[in-house]
């Protein structure tokens, strides 16, 4: 959060590129250090774990990849494909966080037993869902510069929060129906082609979301 606030403060300043280098360096460094600590702890305990090593390496590589966006030319190339301002510190830091999150989540998916990790979690309740999503709301508000460089009204406009027109709920329900149909088809295909995996998915879903479904 402090990095997001600092990036917003730096928007439009003459030292914006310096802020990008410093803040981006911190994002990259934190990812690399976390990955190094994972690997180092494993080596110090002389307990070689291929999955843990791969996860640590994923953090390190993600941090190194994110550091590429410190270079102005790389951000300009990205701006040709993405709707970003290459000189905006908020956009630059967002890109770096996105790279780290994508890389580390991919490493987690590929090299850890995600089902086992989810099964080890306590069942979710409605309050858990609310408080789990609340940080995303705070990050979104801070990311657009709420009361830092934008007023409350300007922040809502930037986030696209508007009074819905009559056709918005209709469109939302239609899209939800399409997604439900697609997910139902995928679930049916999963049970037919990969029954073992489907059984684990059902078990984890029942464990994690059973309390919510019964509410």
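Miscellaneous remarks
- Flag if residue 12 is at pLDDT below 95 and buried (at least 21 other Cβ atoms within 10 Å of the Cβ): no
- Complete set of residues in segment 102-131 that are part of a helix (DSSP H, G or I), in contact with a helix residue (DSSP H, G or I) (Cβ under 8 Å, 6 or more places away or on another chain) and either loosely packed, with under 15 Cβ neighbours inside 10 Å or on the phi > 0 side of the Ramachandran plot (or both): 102, 106, 110, 114, 115, 119, 126, 129
- Being surrounded by 14 or more Cβ atoms within 10 Å (Cβ to Cβ) and farther than 26 Å from residue 135 by Cβ holds for only one residue in 7, 79, and it is 79.
- Residues of segment 179-215 satisfying the condition of being touching a residue at least 40 places away in the same chain (Cβ under 8 Å) and surrounded by 10 or more Cβ atoms within 10 Å (Cβ to Cβ): 200, 201, 203, 204, 207, 208, 209, 210, 211, 212
- Test: residue in segment 23-36 that is touching a residue at least 12 places away in the same chain (Cβ under 8 Å) and closer than 21 Å to residue 149 by Cα: yes
- Of all the criteria given as (1) assigned to a helix (DSSP H, G or I); (2) over 21 Å from residue 114 (Cα atoms); (3) touching a helix residue (DSSP H, G or I) at 6+ places or on another chain (Cβ under 9 Å), the one not satisfied by residue 164 is (1).
- Test: residue 92 is free of Cβ contacts under 8 Å to residues at least 24 places away in the same chain and more than 13 Å from the chain's Cα centre (by Cα): no
- Filter pass, residue 78 being out of contact with any strand residue (DSSP E or B) (no Cβ under 6 Å at 6 or more places or on another chain) and under 25 Å from residue 144 (Cβ atoms): yes
The values are calculated or read from the model by the stated rules, or taken from the named source; none is laboratory data. The shown structure was predicted, so the numbers you read here are calculated from the model rather than taken from an experiment. Cβ: placed from backbone, ideal geometry, glycine included. Neighbour counts: every protein chain shown.
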